[in-house]
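Input: a single structure, listed below in structure tokens.
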Amino acid sequence: MSQVATLLKILQIKEQEMLDVQREHAATIEAFESVATRLYELLKKKESAETTYEAYIQETTSIENILEQMNYIDSLNKQIISVQKAVNRARDEMNIKQEELTSAHVEMKKYESIIEKRKKEHAEIVEKSERSFMDEISMQQYLNQKGGTYG
């Protein structure tokens with residue numbers, strides 16, 4: 001049973017590792033959502049700016065306003081490209097942490113399985129020993145009875 005105790009201690013360590021990875025994974029999800037929200041907001045601004053630009057072109061608006069709107073759209077495009085890279089990095093990090101979490105979970109389940117197997121084996125050994133002991137007692141009682149009637 002000392003093997004099971006050792007395995008239980010290892011299981012506790014694996015469970016703690018899994019909890020740590022879960023927290024890290026949750027943090028990467030939060031970071032991804034934050035950056036993705038920033039990208040979404042920039043895309044909305046760009047869409048609005050393009051709508052305004054189209055309206056300027058349709059109306060009689062000064063060239064300065066049209067150029068200013070074009071520059072604003074260009075600026076948004078540069079920001080969008082930068083944030084898209086950040087989103088991709090955050091997504092990659094989130095996926096890495098997901099893989100680590102899955103791996104930690106599998107590792108923990110392996111130890112749980114080994115522990116259950118060892119407990120079952122131990123129970124079978126105890127049961128076999130008890131049956132053997134009961135057989136021995138029965139044999140002794142039988143021999144005592146047989147010896148008592150003829151002796």
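Every number here is computed from the coordinates shown, using simple stated rules; none is lab data. Not measured: the values here are computed from a predicted model. Glycine gets a Cβ as well: all are built from the backbone with ideal geometry, and neighbour counts include every protein chain shown.
Counted residue by residue at 0.36 nm each, then reduced by the alpha carbon distance between them, the extension gain from Glu136 to Glu17 reaches 38.0 nm. For the peptides 55-63, 102-110, residues were scored by their other Cβ atoms within 10 Å and the scores averaged per peptide; the highest-first order is 102-110, 55-63. Straight-line cross-link reach from Lys9 at under 13 Å between alpha-carbon atoms covers these aspartates and glutamates, not counting any fewer than eight positions away in the same chain: Glu17, Glu112.
Mind checking the angle between helix 63-150 and the chain's longest principal axis? C-alpha axes, 0 to 90 degrees, to the nearest 10. The two axes meet at around 0 degrees. Note on Lys85: aspartates and glutamates with a C-alpha under 13 Å away, same-chain residues under 8 apart excluded, are Glu93.
In summary, the aspartates and glutamates within cross-link reach of Lys117, defined as a Cα separation below 17 angstrom excluding same-chain residues under 8 places away, comprise Glu107, Glu127.
Here are some values of Rg/Rh (Cα atoms, Kirkwood Rh): (i) 0.93; (ii) 1.04; (iii) 1.61. Which one was computed from this structure? Correct label, based on the coordinates given: (iii). Taking a ≥ b ≥ c as the square roots of the eigenvalues of the alpha carbon gyration tensor, the range 64-151 is prolate, as a/c is not under 1.5 and a/b beats b/c. Compared with the alpha-carbon gap, the fully stretched path from Met70 to Glu121 is longer by 10.8 nm at 0.36 nm per residue.
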